[in-house]
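The values are calculated or read from the model by the stated rules, or taken from the named source; none is laboratory data. No experiment lies behind these values; they were computed from the predicted model shown. When we count neighbours, we look across all protein chains shown, and the Cβ atoms used for this are built from the backbone with ideal geometry, even at glycine.
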Amino acid sequence: MSPKTDLQSVISDPQWLPSRWEQREGVVQFVRLSRKQHGEFTFLADEYLGPAGLPTVTAKIEELLAATAGKQPPAHFIFHSAFCCSTLIARALDVPGAAMALKEPQILNALAGAARAQRLNADVFGLVVNLLSRPFAPRERIVIKPSNVVNLLAPALIGANEGARAIFLYAPLPRFLGSIAGKGLWGRRWARRLYAQLLGDTGVQFGFPDSEQFELSDLQVAALAWLMHHAQGAALIGQFASRVRTLDSETFLAARGETLEALARHFQLELSREQAEAIARGPVFATHSKELGRSVDPEQPLQSPASSAVIDEEIRMVVEWTRTVAEHIGSPIDFPPSSRLAVADRIGS
């Protein structure tokens, strides 16, 4: 900790974002980031924050644990299975006076990595969650959108505060596979890495011998990764039935204002119907979520990411194959209707 920076002032100020946890050194690094500056970064990761030259301070874990007083209001969570508009929803929930969304804090990835290595300390976990939950203004709530690789920690994140609520956001399988195919080699390699990680995270057993796994196509592997994410979502619903709701990207895109209003009800945010509709018609949906500043057609996300007849046919085949696999292992490919975020009531009205 720099002698010029008082530890208590860092802890009490949400502009000091806990950005890194150095486990070996036993320290947390903070970067100073105003609310307005949050909108200038795609994600809260080193590759985005590092080049910006933001002020930083570092504090020892023991000092932070000793100085932290009181529990913060509960943060809420957007867990997801990738390529499902999670960043767009997080941007839409930057509503002063109601909510502030944190987009993929890198420090949560570090906690997930430690959990995989069975080296995550409960005190450190609670400290980080408490620091991330600090609201920027009275009556506001923090909504955290972790990376999908942090789904491993979802039960613990919800369980850290009895007031915490979450959604599990996903793209329907054909949309997800179309997104993977549309990203070419990068997307297919990403899906294989995700599959390998989720095998360890979820313990799902598909029963394929090693030789048969090697023969699976890229999109079949991607579909199995999607299915394991679905298993994570189903487990959350089973454990926190009253606090977790599911939402698919197609519902969100077709009923944006209604979805934001439903999210506000679920997260208990002070967001009116008029505010939700204004956000749905506003600049958030007219600019790219990952390439900040680039204008886009607000209807573009509704377009199919797959344009090749060959790929479309492969996707249809893989979807049917995945249903068969899901039935064989007893893993749900559809979430129960009771778990859905209550949006549909107004879509057809």
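Looking at segment 327-341 only, could you name the residues that are touching a residue at least 40 places away in the same chain (Cβ under 8 Å) and among the acidic types (Asp, Glu)?
Hits for segment 327-341: nothing passes.
Could you check segment 296-322 and list, in sequence order, the residues that are of a type in the set (A, V, I, L, M, F, W, C) and either modelled with pLDDT of 60 or more or not in a loop (DSSP other than H, G, I, E, B) (or both)?
Residues satisfying the conditions are 302, 309, 310, 311, 315, 317, 318, 319, 321.
Pick out, from segment 10-109, the strands (runs of 3 or more DSSP E) lying fully within it that include 1 or more residues that are polar (S, T, N, Q).
Qualifying strands (runs of 3 or more DSSP E): 16-22, 27-32, 56-60.
For segment 209-266, which fully contained helices (runs of 4 or more DSSP H) count at least 3 residues that are under 18 Å from residue 149 (Cα atoms)? Before you say what the answer is, go through the steps one by one.
Working: elements: 210-215, 218-239, 249-254.
So the answer is 218-239.
Among the numbered criteria (1) touching a strand residue (DSSP E or B) at 6+ places or on another chain (Cβ under 8 Å); (2) under 30 Å from residue 243 (Cβ atoms); (3) β-branched (Val, Ile, Thr), which single criterion is violated by residue 68?
(1)
Going by the structure shown, is residue 334 at pLDDT below 75 and out of contact with any His (no Cβ under 8 Å at 6 or more places or on another chain)?
No.
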